[in-house]
Each structure stands twice: as structure tokens, then as C-alpha cells.
Amino acid sequence: MLHSLLIANRGEIACRIIRTCCRLGIRTVAVYSDVDAHALHVKMADTAVHIGPSPAPDSYLNIPAIIAAAQRAGADAVHPGFGFLAENAEFARACAAAGLIFVGPAPEAIELMGNKRAAKERVTAVGVPIIPGYGGADQSDERLLAEATRIGFPMLVKAAAGGGGKGMRLVADAAALPEALAAARREAQQAFGSDELILEKALTHARHVEIQVFGDRHGNLIHLGERECSLQRRHQKVIEEAPSPAVNEELRQRMGATAVLAAQTVYYHNAGTVEFLLDETGDFYFLEMNTRLQVEHPVTELVTGIDLVEWQIRVAEGEPLPLAQAQIQWRGHAVEARVYAENPANDFLPVTGDVLLWQPPDGEAVRIDSGIQTGDPISIHYDPMLAKVIAYGADRATAVRRLTHALETAVLLGFTHNLPFLADVLRHPEVGDGRSHIHFLAEQFANWQPPTGDAPLALMAATVAQFENEPQLHTSAGYWRNNPNRPQVYRYEWSGELVEVGLTAVPRTPHHYHLTISTQPDHVADVVLVAIDGNQLVLTVDGWRQRVTAVNQQNIWWVQTEKGVVRLTAVPLLPEPQPAADAGGSLRAPMPGAVLAVLVAVGQEVKGGDALMKLEAMKMEHTIRAAGDGIVEEIYFVPGDTVEADAQLIKIASGEPH
């Protein structure tokens, strides 16, 4: 039996594995990089070992460092989680060589199924249907272009050695293929250490349905039903559910049997997932097999009542599966939403910042798998997924409603994230009816904008909070006054506009105020602070009691109202003069990241739309393009450099190319 388990991962998956280990009485060992020294998974584990600098190749992808940490801490087993080294056969072999139990499949299964080309060859031999495509050894652009023409457009370029949307490009026509191949190769090499590609015919309105399989070392292999994963952006899943609204019992059994057949070709044991595309006619096609636990495994746990991590551990210990196929039962419905540090209104670009306040939602049948805590920094070095919110119900409508309310009431302040986007997706009528496909979000939410929040309420809440903490702001320039009957003035920048709020305390009535807002000059709001508890304020505004959450960092107020989050910048009445920033003719980083490639040279003429630089942030590649015609005057970074958000990357002198 396992007594001490090292978790070779971080964030929410490490925390989730630790919870099961605590229940089973297994000692846990966390590993951490420099930036994660105070992370939640480090605090939750029984002990933790530092494994290197913040960049993943120097820490969470450093096999010798992780093996050394396990030996130093006296662990007798390693759980890889998902991502990082979870599907790395070399890591599984290194664990075995060090005398450590690897909580996962055999390295041979990881190796074979980890290469999409080899996996398709293996499953095709036993009759598993696959999508038309190409995965040959000839990886030249000429051969790939010829094969793409044969397959037909639109088509997908995919990394052969990995998944999760890394190294994947949807290509509409032959003209776009060369750039897509170059970008996919770079991203695949960066993510998986291999730039091998495959091509697939794009099924644009298919569903992404996957089957959870589980095997033991005694030859037993079963499936635990399907998960619907069609709601995706950038080829990465956002919302998942079990069961799929498109799968009936007969189809479930056929897909399940096919998934088991695919897994049997590599004598699979432990947890795995076989992924399919399901078209509108009911035909399904093998995509790939993930030889690990999936991000979305909680929805399967909720509808089956099975702790998949516990099963993983018991199988690794040599036990047979606790249940046979005929004993698996599915009850109710579960839906999961992934919380990302990203801006859905800006092409889902990742963002960084500090978690000023994280208050997970609660409620009946709501589960939170989170790896963050108030005060954490959001780093550029890792995937932007922060947490998962999962809801269960006796039926799909109940589960969706519970999840929507949970997303609406979760508090995450300090940076832009996708919580309001997720709630809007779940409120879409077609999602409510269970109608979706893999390009649904791209088609239906291409121009999505976040809710503006209740700005007047936020302004009043920030003002009352400041006044309660320091009624006479004598330390701030411009706030001193000697006539208490005159309103005390607070000034904010909101959405590019300067707004003034005047506050007058009602005599002999504590916590009672009259407030005026410059955008509503004819209205005097009657405001009573009913309660204040840390960041939580309960205000009665003109007889309407409302709850808000407000945090302040360096004069930036983040105020969560029922209608959304409002960001305010407190402006002194007598501000210091600031020189105007000259950003004309410059290109700035849309997010923090690392420079992958510089595609132009000083003196080069460029046209609007030309690719200038490649940035990598949170394991995804982004192209910086020229906004207009001109001549490259200066380049401020070289490949390998780290850049902050809004850093000037390139300066282009205005002018038209000859």
C-alpha cells in the first residue's frame, strides 16, 4: 500500500489529489517552484520540496529534480496530475527506475497513445473509426500541402505529440497553410518537445464527446460513461458536462465499447480518456486517447459517485477495479466551468495580476476545485486555469441553473477573468437546450463584451468605505476641509471618464449619508451602511438593500456588484502632474509573456497586418501584427526575453512602403 505520495504538479489538481489522499490517510509531498513558494497546494500538503526556478522547464518539467524531491522526502509513489509530465513516458520510466510507483498507465501506453499518428494506426487496426487525414513521416511543407489539398479545407493542423489545443490551427484555405504550419511547429516544440504534425479534416459542427475508461493490472477494463466537451475556445475546453445531452443509452454503450476496444490495444491500466468527434448524423470518430486524469473528471465523479483519484491509487497499489461494467450506474447531471485568468473580450488573451480577493461560491450541490487563494500572484509561467466550479442536479436544467448562480456569486477581484463570460454562455438559450458544437463559442460569442457593472452603486460603496475608514482625509492632497456641512468630495476615473462623488454625513445618525454623483447631478442618494465586514458591505440605497464586495490596492478599487465588477481609480483632487506618454507609432505587448521570434529587422518596410513578433504566454503562442504601414525603426526585445503587459516591443516610423 502507498504511504507517501508526491504530486508532480501544482494548482487545483495538486490540491484535489491532496484531498483524496488526506481521506485515505496517505502522506502527501508537494513540489514547488520559486513563484509557488506560498501556493495553496504547498500549504495543504504534509511536506513540500523546492524543485527550481519559476519557468516550467526548470521546475515542473525537470524530471531529475522531481525524482530527487521524491527520494529526499521519502515518497514511495508519484502522481503526475494532468499537464506537465502527466503524459511523459520518460518520466514514468524514471519513476520506476527510482523505485517509485507511478500512479498512471505503463510508459509504453503513454508513448504509443501520446503520438496521435501512432495511436490512430493502432486503433484503426481493430476497427475504430478515425477522421480522414494525414500523419506520415514526411513532414515537409510540400508534402503537407499536397495532403491538405487531398483532404480538403477547412482542415486542422495538430501537434502529433500532445493535446489541449497546443500546436493546433484551423486552416481555411491553402494560402493560410504555410504560416499555420510554422506556428503549430513552434508551439508543439515548446509544449511537447516535438514539432511533428498531423492533418485532419475539420468537422466544423461536430460535438466533442469523450469516454472515461479505467483499467487495472488484472486485465479488467471498463468505461464510466461520456462527457460533453463541445464548448471550447482556442480548441480548449471551457464548459463540460456529464452525461452528454446528445447521447442516448444505445449510443453510450456503442461509444463506450469502442473506447474500451481502443484502450485494450495498448493493454491499458489506470485512468484514461478516449476522445471522439460526434457528427450530426450520429457517427463518431476517434480523435485521441489521453493517458491521464482529465481536467473535467469531476463531472464523471458526481454522476457515478466514484472518486477517480482513489481508484487511480488503488489500481497503482495492485488492486482490481472496485466495480465491474454492469455495476456502473449514472444518476443526475453535472456541469463544470473552468475559471481562467484571461480576457474573453480580447481574443481570450491570458492576463496576470494579483488575487486581491477570492471567495468561492457555495450552494447546494456546488463543488469547487481551486488552487488559488487571496494574495496569490498570477504568473506568466503556467496555464491560466485557476479553478473549476462544478454543479450537480437531479436533471440538467437544475445543474445548469445551480452552476450559473455559482458563477454569478463567485468573487474574484484584482484582474480580468472569464467568470462573467461563463455565466453568459450558460444563459444562452441553445446551451440551455443542450445544443452546441465545437465552434459554437466562436460563432455565437465572437463579439462578446463584459457587463459594465453597477457603476453608481460601486462609486457609492467605494466612497462610503473610504469615509468609514478615515472620515477626514487630512493626509491626502486636496481633501482637507473646515466646513463639515459641505460635501466631502471624492474623485474617480471610471471607463475613461472623471467622476466626482460628494458625501455628506447625516448629523446624529451614524453610517447615514447623502451622496451625489457628477454623472447624475439632479439626484441625491440616501445611503445607509447597514453592515461592513472586511471587504463586504451591505448598503441601503434609496430603500433598496444591496450587498457589494470592494477591495482597494494602490488607489485601484475593484467593486463587485450584482451586475458585474466595476474598476475605479481613485484620483487625488490635486494630482501630481504627469508627463504624457508618447506611444505613437509603437507596438505594445497585449499581455505579459516571452518573446519566441522576431520576424522583422530594423529598416524593414511593413504593411498593416504583417506579422512582426511572436509571443508565448501561458503555453499559447500569439502573433503581434502591424497596425498600419511604415518602417521598423527600433526593436526592443530579442527571442528569449520576458516582457510585461503594455511593454513597448517595436517602434514603427509612419510612412508608406515604396
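Applying the set (1) free of Cβ contacts under 8 Å to residues at least 40 places away in the same chain; (2) among the β-branched types (Val, Ile, Thr); (3) crowded, with 21+ Cβ neighbours inside 10 Å to Ile110 leaves exactly one unmet item: (1). If the condition is being of a type in the set (A, V, I, L, M, F, W, C), surrounded by 13 or more Cβ atoms within 10 Å (Cβ to Cβ) and closer than 13 Å to Ala465 by Cα, then the range 531-554 contributes Ile532, Leu537, Val538, Leu539, Val548, Ala550, Val551. Across the range 53-68, the qualifying residues are those that are of a type in the set (Gly, Ala, Ser) and closer than 20 Å to Phe192 by Cα, and the one among them that is farthest from the chain's Cα centre (by Cα) is Ala65.
Residues are listed down the side, and each one gets a yes or a no for (1) more than 27 Å from Glu108 (Cβ to Cβ); (2) modelled with pLDDT of 95 or more; (3) within 28 Å of the chain's Cα centre (by Cα); (4) not assigned by TED's automatic domain parsing to the domain that holds Gly282:
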residue: Gly215; (1), (2), (3), (4): no, yes, no, no
residue: Glu226; (1), (2), (3), (4): no, yes, yes, no
residue: Ile239; (1), (2), (3), (4): yes, yes, yes, no
residue: Ser244; (1), (2), (3), (4): yes, yes, yes, no
residue: Gln253; (1), (2), (3), (4): yes, yes, no, no
residue: Ala271; (1), (2), (3), (4): no, yes, yes, no
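Just one of the listed residues (Arg292, Arg252, Arg207) is surrounded by fewer than 21 Cβ atoms within 10 Å (Cβ to Cβ) and of a type outside the set (Gly, Ala, Ser), and it is Arg252. Within the range 536-565, residues that are free of Cβ contacts under 8 Å to residues at least 40 places away in the same chain sit with their Cβ atoms under 8 Å from residues that are assigned to a strand (DSSP E or B) and among the basic types (Lys, Arg), at 6+ positions apart or across chains, in these pairs: Gln536/Arg547; Val538/Arg545; Val538/Arg547; Ile556/Arg567. When Ile368, Ile380 are checked against the criterion of being β-branched (Val, Ile, Thr), without any contact (Cβ under 8 Å) to a residue 40 or more places away in the chain and either surrounded by 18 or more Cβ atoms within 10 Å (Cβ to Cβ) or in contact with a Pro (Cβ under 7 Å, 6 or more places away or on another chain) (or both), Ile368 stands alone in meeting it. Inclusion of Leu412 among residues that are outside the structural domain of Gly534 (by TED's automatic domain parsing), within 13 Å of the chain's Cα centre (by Cα) and not in a loop (DSSP other than H, G, I, E, B) is not warranted. Looking at the range 335-409, the strands (runs of 3 or more DSSP E) lying wholly inside it that each contain 2 or more residues that are modelled with pLDDT of 95 or more, in contact with a Cys (Cβ under 9 Å, 6 or more places away or on another chain) and not basic (Lys, Arg) sit at 366-370. Inside the range 627-644, residues that are under 22 Å from Pro55 (Cα atoms), in contact with a Leu (Cβ under 9 Å, 6 or more places away or on another chain) and part of a strand (DSSP E or B) make up a count of 1.
Does at least one position in the range 316-325 carry a residue that is exposed (fewer than 15 other Cβ atoms within 10 Å of the Cβ), more than 25 Å from the chain's Cα centre (by Cα) and without any contact (Cβ under 8 Å) to a residue 40 or more places away in the chain? The answer is yes, given that some residue of the range 316-325 is exposed (fewer than 15 other Cβ atoms within 10 Å of the Cβ), more than 25 Å from the chain's Cα centre (by Cα) and without any contact (Cβ under 8 Å) to a residue 40 or more places away in the chain. Checking each residue in the range 196-253 for being without any contact (Cβ under 8 Å) to a residue 24 or more places away in the chain and not small (Gly, Ala, Ser) picks out Asn248, Glu249, Glu250, Gln253. When the range 123-133 is filtered for residues that are modelled with pLDDT of 95 or more and either crowded, with 18+ Cβ neighbours inside 10 Å or among the basic types (Lys, Arg) (or both), the ones remaining, listed by number, are Val123, Val128. Step by step: first the residues of the range 79-128, then only those that are β-branched (Val, Ile, Thr) and in contact with a strand residue (DSSP E or B) (Cβ under 9 Å, 6 or more places away or on another chain), then the one that is nearest to Gly272 (Cα to Cα). Which residue is that? Per the stated criteria, the residue is Val103.
Could you look through the range 592-624, keep only residues that are aliphatic (A, V, I, L, M) and either part of a loop (DSSP other than H, G, I, E, B) or surrounded by fewer than 18 Cβ atoms within 10 Å (Cβ to Cβ) (or both), and pick out the one that is nearest to the chain's Cα centre (by Cα)? The selected residue is Met618. The residue that is surrounded by the most Cβ atoms within 10 Å (Cβ to Cβ), among those in the range 1-34 that are in a loop (DSSP other than H, G, I, E, B) and not basic (Lys, Arg), is Ala8. Residues of the range 110-146 that are outside the structural domain of Val157 (by TED's automatic domain parsing) and basic (Lys, Arg): Lys116, Arg117, Lys120, Arg122. For the criterion of being at pLDDT 95 or above and closer than 18 Å to Lys563 by Cβ, Val425 passes. Inside the range 23-48, residues that are hydrophobic (A, V, I, L, M, F, W, C) and without any contact (Cβ under 8 Å) to a residue 40 or more places away in the chain make up a count of 7.
Close Cβ contacts (under 7 Å, 6 or more residues apart or on different chains) running from residues in the range 52-69 that are surrounded by fewer than 19 Cβ atoms within 10 Å (Cβ to Cβ) to residues that are at pLDDT below 95 and small (Gly, Ala, Ser) comprise Ser54/Ser379. Close contacts from the range 514-526, counting a first residue that is free of Cβ contacts under 8 Å to residues at least 60 places away in the same chain and a second that is surrounded by fewer than 14 Cβ atoms within 10 Å (Cβ to Cβ) and not in a strand (DSSP E or B), with Cβ to Cβ under 6 Å and a gap of 6+ residues or different chains, come to Asp526/Asp542.
Going through (1) under 22 Å from Glu241 (Cα atoms); (2) under 13 Å from the mean Cα position of the chain (by Cα) one by one, Arg367 falls short only on (2). One residue stands out in the range 567-591 among those that are surrounded by 13 or more Cβ atoms within 10 Å (Cβ to Cβ), more than 26 Å from the chain's Cα centre (by Cα) and part of a loop (DSSP other than H, G, I, E, B): the one that is modelled with the lowest pLDDT, namely Gly585.
Is it the case, given these coordinates, that Glu310 is assigned by TED's automatic domain parsing to the domain that holds Val425, within 25 Å of Ile368 (Cα to Cα) and surrounded by 22 or more Cβ atoms within 10 Å (Cβ to Cβ)? Judged against the criteria, Glu310 is not a match. The lone criterion from (1) within 18 Å of the chain's Cα centre (by Cα); (2) within 22 Å of Thr204 (Cα to Cα) left unmet by Ser436 is number (1).
The values are calculated or read from the model by the stated rules, or taken from the named source; none is laboratory data. Small disclaimer: the values here were computed from a predicted structure and weren't measured. Quick reminder, even Gly has a Cβ in these numbers, built from the backbone with ideal geometry, and neighbours come from all protein chains shown.
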